[in-house]
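The structure appears below as structure tokens.
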Amino acid sequence: MRISHSPKPVQIVWFVALALLLVATAGSRVGSGQQKVPFDNGIPVAPRGLAGRPLPKMPVVYDTGEGQRIRVVAVTRALEYPWALAFLPDGSMLVTERAGRLRIIRNGVLDPNPIAGAPVSYWALESGLPGAVHGFMDVALHPQFAENHFVYLTYTKPLDEKRRTVAIARGRWDGRALTEVHDIFVADAAGTSRIAFARDGTLFMTTTGSGPQDPNTQGGKVLRLRDDGSVPSDNPFVGRTGYRPEVYTLGHRSSLGLAVHPGTGEMWLNENGPNGGDEINILKPGRNYGWPVVSYGRTYQGPWQSEVPGHAGFEPPLVYWVPAIAVSGMAFYTGDKLPKWKGDVFVGSLRTGEIPGTGHLERILFNEKMEELRRESLLVDLRQRIREVRQGPDELLYVLTDEKEGAVLRIEPAP
Ligand SMILES: [Ca+2]
């Protein structure tokens, strides 16, 4: 009797199945819950599946959570990575573009020519990519703009071939161009920056960069300046050895939103954690907001930023996000045109949970004690990076999309 050594069909099926299983589990171990993702400079390379979608035909009408029906209109779509927006008294809009241009929109029409007289800046890489540097960032008007016509810009200032920093330039608006432009403050910290005038006329400036816990550097702080860039004598650390006198608060990571609370006059700030731990903070003189010692976020590699996430020993945030929504821009809505949103805080989101193409506008409702009651994501399906949100003199909300084909969107009540 001959014994066959060739495998039977059922054995072949089992062998193939086993081989397939081995191949399938070689890259990611089934059951371990782990996935290997590609990294670039210590940060996971973000998937681009949803990013870069063009805006749909406008206007778009939405129902929203509080019953506030809205219509979203594109004022212009011809901006390239717009960063910040300021309204002139006549309703015209000054808009910065990250490549170092200041633009103006008059009566809803974008002037094709950038405003002359603005300073020379440095920028690099596409907005949203790790290591991106913005040229022009924030723009703000002096509280007495009607009399002095002062416009303030934060921008990345090249110092020489290799070095750069953040500066505040001030110029006078003559109705067509900026004149008498010069730097009123040149920081020793590169990175992003917002500015806002407080009720007492001082100018708050956020910084990123190294040494957020070191009171003797300007990185990772909020600075408080006079309108000419000098240091107010009532700053919290004036005269203290080892402290920079312009420092107002410490322990910030990357603050892209500043807004004065319309009731209390307090300065509110939002800042980005890494993978989670985005925060809204209320700024109090001399306080430490914790970064990088404490944070509710995770590092980009996965572990918690702090061993026991919390804010013990530091100023806790008023609001925090886990995962990150990449906060940018912030405004209180105080108008009557969108009555169900009166008093709410609006925060721009560049992307949610580290997935590009998931930026949106966030609305937060607080009670009288500034305790959060409700949070809503708006404009999600537009899939745009929302860089900026402002209330216009017409009591409507305006947002900027941080996109190659960047837009100014107006949110108005739907008829
Ligand atoms: Ca904090």
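The table below lists the values:
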{"read-out": "Odd one out for F314, checked against (1) near the ligand (Cβ under 10 Å from one of its atoms); (2) more than 12 Å from H252 (Cα to Cα); (3) in contact with a strand residue (DSSP E or B) (Cβ under 7 Å, 6 or more places away or on another chain)", "value": "(2)"}
{"read-out": "Residue match in region 178-186 (condition: open to solvent by 10 Å² or more (accessible area, probe 1.4 Å), in a loop (DSSP other than H, G, I, E, B) and not aromatic (F, W, Y))", "value": "no"}
{"read-out": "Selection status of R170, modelled with pLDDT of 95 or more and either part of a loop (DSSP other than H, G, I, E, B) or within 21 Å of E405 (Cβ to Cβ) (or both)", "value": "no"}
{"read-out": "Any hit, region 376-389, residues being within 16 Å of the ligand (Cβ to nearest atom) and either open to solvent by less than 10 Å² (accessible area, probe 1.4 Å) or in contact with a Lys or Arg (Cβ under 7 Å, 6 or more places away or on another chain) (or both)", "value": "no"}
{"read-out": "Residue among D336, D394 that is open to solvent by 30 Å² or more (accessible area, probe 1.4 Å) and under 18 Å from E66 (Cα atoms)", "value": "D336"}
{"read-out": "Some residue of region 32-49 being touching a residue at least 40 places away in the same chain (Cβ under 8 Å), under 27 Å from T179 (Cα atoms) and surrounded by 17 or more Cβ atoms within 10 Å (Cβ to Cβ)", "value": "no"}
{"read-out": "Residue within region 72-82 that is open to solvent by less than 40 Å² (accessible area, probe 1.4 Å), at negative phi and aromatic (F, W, Y) present", "value": "no"}
{"read-out": "G297 vs. criteria within 13 Å of the ligand (Cβ to nearest atom), buried (at least 17 other Cβ atoms within 10 Å of the Cβ) and within 18 Å of the chain's Cα centre (by Cα)", "value": "yes"}
{"read-out": "Close pairs from region 300-328: first on the phi > 0 side of the Ramachandran plot and open to solvent by 30 Å² or more (accessible area, probe 1.4 Å), partner part of a loop (DSSP other than H, G, I, E, B) and more than 10 Å from the ligand (Cβ to nearest atom), Cβ under 8 Å, at least 6 apart", "value": "none"}
{"read-out": "Hey, E307 acidic (D, E), farther than 30 Å from V37 by Cβ and either at pLDDT below 95 or within 16 Å of the ligand (Cβ to nearest atom) (or both) or not", "value": "no"}
{"read-out": "Filter result for the condition that a residue is modelled with pLDDT under 95, out of contact with any helix residue (DSSP H, G or I) (no Cβ under 8 Å at 6 or more places or on another chain) and away from the ligand (no atom under 12 Å from the Cβ), over G302, G329", "value": "G302"}
{"read-out": "Qualifying residue in region 38-47 (condition: closer than 20 Å to E403 by Cβ and modelled with pLDDT of 95 or more)", "value": "no"}
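For every residue, the table says whether it meets (1) touching a Phe, Trp or Tyr at 6+ places or on another chain (Cβ under 8 Å); (2) crowded, with 21+ Cβ neighbours inside 10 Å; (3) under 30 Å from T264 (Cα atoms).
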position: R172; (1), (2), (3): yes, no, no
position: A190; (1), (2), (3): no, no, no
position: S193; (1), (2), (3): no, yes, yes
position: M205; (1), (2), (3): yes, yes, yes
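The values are calculated or read from the model by the stated rules, or taken from the named source; none is laboratory data. Quick caveat: nothing in here was measured; it's all calculated off a predicted structure. Note that we place each Cβ from the backbone using ideal geometry, even for glycine, and neighbour counts take in every protein chain shown. Note: accessible area is taken over every heavy atom of the protein model, side chains too, but ligands, DNA and RNA are not part of it. Shrake-Rupley method; radii C 1.70, N 1.55, O 1.52, S 1.80 Å.
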